[in-house]
Amino acid sequence: MWIRKGLLPVAIMLLLFAAVSSQASIDAYQFDDPEKEALYKKLIKELRCTVCQNQDIGDSNAELAKDLRRKTYEMISKGEDEEFVLDFMSQRYGDFVLYRPRLQTNTLLLWIGPFIILIIAVFVLLRFIRRPADEVSFTEADKAQAEQLLEREE
């Protein structure tokens with residue numbers, strides 16, 4: 001076995017150290033109101049980490065995400081509402097920071113694009129399915145080749 005009796009305590013200590021160090025990066029903010037805490041939790045799931053790009057700031061350990069969580073906490077503690085925080089973050093970091101960008105002229109294609117693609121796909125599929133069989137025409141040479149192939153299989 002690759003773990004000897006002398007190495008087992010060292011391996012356990014390393015695993016415990018890794019577990020403790022990973023827990024140290026979690027922010028612990030105290031709220032005086034449960035509604036503010038719920039709003040904070042909601043917002044850190046709706047704001048994207050611009051460094052990680054596919055993580056929200058609540059799950060990211062990037063320094064920028066920590067700063068965004070701190071700024072979100074400060075604004076909520078001051079009594080700012082959800083709209084204010086989202087506006088502040090999108091003005092400072094662009095609409096990319098929002099997982100659900102607002103419906104604006106510059107994001108219109110983002111919102112209606114999937115529906116346009118779906119409509120086109122359904123149209124093409126229906127056209128392909130309803131295509132009459134007589135549209136497919138075979139030449140005499142094609143028919144002769146098919147008959148030869150069928151005769152070989154017999």
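The values are calculated or read from the model by the stated rules, or taken from the named source; none is laboratory data. In this text the structure is predicted, and so the values were computed from the model without any measurement. No Cβ is skipped: glycine too gets one built from the backbone with ideal geometry, and neighbour counts run over all protein chains shown.
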#### Entry: Members of the stretch 93-128 found to be out of contact with any strand residue (DSSP E or B) (no Cβ under 9 Å at 6 or more places or on another chain) and within 18 Å of Tyr40 (Cβ to Cβ), listed by number
Arg100
#### Entry: Flag for Gln104 being surrounded by 10 or more Cβ atoms within 10 Å (Cβ to Cβ), touching an Asp or Glu at 6+ places or on another chain (Cβ under 9 Å) and either basic (Lys, Arg) or at pLDDT below 90 (or both)
yes
#### Entry: Residue that is modelled with the lowest pLDDT [pool: residues in the stretch 91-101 that are out of contact with any helix residue (DSSP H, G or I) (no Cβ under 6 Å at 6 or more places or on another chain) and surrounded by 12 or more Cβ atoms within 10 Å (Cβ to Cβ)]
Asp95
### Task
Residue by residue through the stretch 96-116, note down the ones that are in a helix (DSSP H, G or I) and either out of contact with any Ser or Thr (no Cβ under 7 Å at 6 or more places or on another chain) or more than 16 Å from Ala65 (Cα to Cα) (or both).
Thr105, Asn106, Thr107, Leu108, Leu109, Leu110, Trp111, Ile112, Gly113, Pro114, Phe115, Ile116
